[in-house]
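Below: one structure, written as structure tokens.
Please treat every number below as a calculation from the coordinates, not as lab data. Note that this is a predicted model, so its numbers are computed, not measured. All Cβ positions, even for glycine, are placed from backbone atoms using ideal geometry, and neighbour counts span all protein chains on display.
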Amino acid sequence: MEKRQVYLDYAATTPVKKEVLDAMLPYFTENFGNPSSLYTVGQNAKNAIAEARERVAALIHAQPQEIFFTGSGTEADNWAVIGGALWKQEKGRHIITTAIEHHALLHSGAYLEKQGFEVTYLPVNAEGFVEAETLKSAIREDTILISVMLANNEIGTIQPIAEIAALAKERGILMHTDAVQALGNIPVDVQALGVDLLSVSAHKIYGPKGVGALYIRKGVRLPAYIHGGGQEANRRAGTENLPGIVGFGKAAELAGAGLSEHAARLQGLRDYFLDQVAKEISDIRVNGSLEHRLPGNANVTFKYIEGEAILLLLDLAGVEVSTGSACSSASLSPSHVLEAIGVPVEEIHGSVRFSFGDFTTKEDLDYTVEALKETVAKLRAISSVSKDSGF
Ligand SMILES: *Cc1c(COP(=O)(O)O)cnc(C)c1O
């Protein structure tokens with residue numbers, strides 16, 4: 001087999017598209033102005049940000065004045081949850097989120113607990129979904145905020161956010177969703193979802209790293225989280241990441257234009273990949289529901305072996321994937337998401353996430369399946385944790 005370079009970790013980050021880079025470049029050099037300056041180069045910068053804001057707003061069916069650029073998806077999540085909690089604390093100090101959130105949410109929750117808030121981490125079912133009854137029974141008189149992610153970054157499950165947001169609205173509870181992983185892969189419509197706050201990030205949709213946004217529904221007076229100048233309508237201070245924001249705008253425009261073809265293509269690739277893996281490799285399990293799931297996500301357990309070892313051998317073959325939680329892959333702590341859906345610990349360690357994107361081809365997947373087949377056979381041959389050892 002001719003060696004290939006195959007990137008299958010689009011859920012961790014995506015390459016910047018050529019059109020996005022081209023749109024950004026002039027804003028490093030000739031159009032370098034500070035958007036707060038009143039002379040021409042500053043006003044040009046201000047106009048470019050306004051245009052980017054319109055494009056991001058259009059992608060999620062919001063008004064441009066409801067979009068607040070941040071330094072990352074993580075910052076948007078922190079602002080929504082910590083800012084929301086501080087804002088509503090007179091009314092109560094109880095927050096509801098889920099056990100499968102991104103660490104941007106879970107660690108914000110832990111921070112709030114240290115500040116005297118109470119946080120409920122809702123369990124999910126074996127398919128990876130939050131159940132309405134579970135949520136209903138967790139809501140209390142003093143619940144001030146509910147945050148449930150739209151799509152999970154490890155197993156791709158898409159939560160029934162509209163239903164959850166309706167429950168929150170009935171009870172006057174602030175509703176946030178982390179849509180970082182969903183954006184550009186499925187339709188994200190803040191009107192249909194009915195949320196107050198929604199986080200997104202550019203680098204997951206073929207835009208640059210280091211720029212995100214928080215959607216704040218009109219009328220929701222979420223206070224500023226970063227303090228300083230009057231940028232972002234006095235809500236998020238700091239001289240704007242001009243090229244980054246322009247790139248986010250361009251990426252959002254491209255994502256919106258190609259959304260249904262993109263999703264259909266990724267789903268085709270994903271289903272093809274899972275079929276081939278099931279055909280070629282024994283003792284595997286697909287984690288999370290295949291319904292209501294991001295089109296480009298596959299999460300597979302290869303029993304009796306370590307995901308870390310699979311990752312390293314695949315990397316030698318040129319294939320890049322992730323294991324456990326990408327963010328904690330440097331540690332060996334098992335994925336909290338797979339734990340939450342009830343995957344046994346030894347099987348969590350044998351789990352690999354494959355995420356597909358715009359530059360993935362069928363040939364890449366054929367190559368990957370071949371490499372996987374060899375890798376798994378090799379590791380199982382030397383594994384002490386084998387089928388015959390009673391595991
Ligand atoms: C990537 C990701 C984030 C963090 O976004 P950054 O821009 O990388 O900080 C948050 N939530 C989810 C679900 C993600 O996939």
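Miscellaneous remarks
- Dipole magnitude for the range 18-255: about 540 debye, using +1 per Lys or Arg Cβ and -1 per Asp or Glu Cβ, origin at the Cα centre.
- Angle between the chain longest axis and helix 242-257 axis [Cα atoms, degrees, rounded to 10]: 60 degrees
- DSSP beta bridges in the chain [antiparallel fraction, %, rounded to 5]: 55 percent
- For the chain, the longest principal axis of the C-alpha atoms and the axis of helix 362-382 are separated by about 50°.
- For the residue pairs Lys279/Lys362; Lys218/Lys250; Lys204/Lys373; Lys18/Lys250, the C-alpha atoms sit more than 19 angstrom apart in Lys218/Lys250; Lys204/Lys373.
- With contacts taken as Cα pairs under 8 Å and at least 6 residues apart, the chain reaches a relative contact order of 22 percent.
- Full-stretch length increase - Asp189, Glu170 - with 0.36 nm per residue and alpha-carbon distance subtracted: 4.9 nm
- Rounded to the nearest 0.05, the FRET efficiency derived from the C-beta distance between Glu308 and Asn125 at R0 = 22 Å is 0.20.
- Degrees separating the helix 307-316 axis from the principal Cα axis of the chain, which is the longest one: 90 degrees
- The residue among Ala58, Ala99, Gln115 whose Cα reaches farthest toward the positive pole of the charge dipole of the range 1-130, with charges on the beta-carbon of Lys, Arg, Asp and Glu, is Gln115.
- The calculated 222 nm mean residue ellipticity attributable to helices in the chain amounts to -11500 deg cm²/dmol, summing -39500 (n - 2.57) over DSSP H runs of n ≥ 4 and dividing by all residues.
- Between the range 162-216 and the range 1-20, the Cα center-to-center distance that results, in Å: 25 Å
- With the gyration tensor restricted to C-alpha atoms of the chain, the semi-axes of the equivalent ellipsoid amount to 36, 27, 17 Å, longest first.
- At R0 = 30 Å, FRET efficiency that the Cβ-Cβ distance of Glu163 and Gln63 yields, to 0.05: 0.80
- Considering only the range 31-161, percent of DSSP beta bridges that pair antiparallel, nearest 5: 10 percent
- Here the simple spin-label model places points 7 Å from the Cα toward Cβ, and for Glu374 and Gln115 these points are separated by 5.2 nm.
- As a calculated quantity, the FRET efficiency between Leu25 and Gln5 at R0 = 25 Å, using C-beta atoms, amounts to about 0.50.
- Rg(Cα) / (2.2 N^0.38 Å) computed for the range 294-384, rounded to two decimals: 1.06
- Gain upon complete extension [Asn34, Arg285; 0.36 nm per residue less C-alpha separation]: 85.1 nm
- Rg/Rg_globular for the range 88-200, with Rg_globular taken as 2.2 N^0.38 Å and Rg from C-alpha atoms: 0.99
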